[in-house]
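Notes follow the structure.
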Amino acid sequence: MPQIPEKIHELTVGQLAARSGAAVSALHFYEAKGLIRSRRTSGNQRRYGRDTLRRVAFIRAAQRVGIPLATIREALAELPEERTPTRDDWARLSEAWRTELDERIKQLNRLRDHLTDCIGCGCLSLATCVLSNPDDVFGESRAGSRLMVERGGRSGA
């Protein structure tokens, strides 16, 4: 990993990629989505402030736990003057995301627990298939994983 002297306050996209572990294309994508910013030199080259390293680390950590980029962008936009996130910012935001993550974990556990049944069936036509009919809206009156609309607007199996 290349060392950057302390006196250098801006990074090229290559330096930012090397230091952050993010691909150059990912950094360009983050910039296009408004997650990070650069300035352009007279030769139209991108230059990033050193604080962008922490911002990229924040983005990548949030992505690793499954937070969508739109949610990350909203969180970063809430910071005063779009400053770099601090440890306190991460703690506050991650606490807010905890409920969403807990719900996802619950859904994945349900999926895991019922996956064997559907593989065993093979046709996804269980009377109450939790994978293709998770709310089991018609499980009481009809069998199968799909409903077909009959002529005249009535639903049938």
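The values are calculated or read from the model by the stated rules, or taken from the named source; none is laboratory data. Computed from a prediction, not measured in an experiment: that's the story for all the values here. Using ideal geometry, Cβ is built from the backbone for each residue, glycine included, and neighbour counts are taken over all protein chains shown. The accessibility values were calculated without ligands, DNA or RNA, using every heavy atom of the protein model including side chains. Shrake-Rupley method; radii C 1.70, N 1.55, O 1.52, S 1.80 Å.
Remark: spin-label model distance Glu78-Lys33 equals 1.8 nm, labels positioned 7 Å along the Cα→Cβ axis.
All other residues with a Cβ under 13 Å from the Cβ of Val24 taken together, and with Lys, Arg as +1 and Asp, Glu as -1, what is their net charge? With Lys, Arg at +1 and Asp, Glu at -1, the neighbours total +1. The distance between label points at Glu10 and Asp88 comes to 3.1 nm (points 7 Å beyond Cα on the Cα→Cβ vector). For the residues Thr84, Thr12, a 1.4 Å probe over the protein chains yields an accessible-area ranking, largest first, of Thr12, Thr84.
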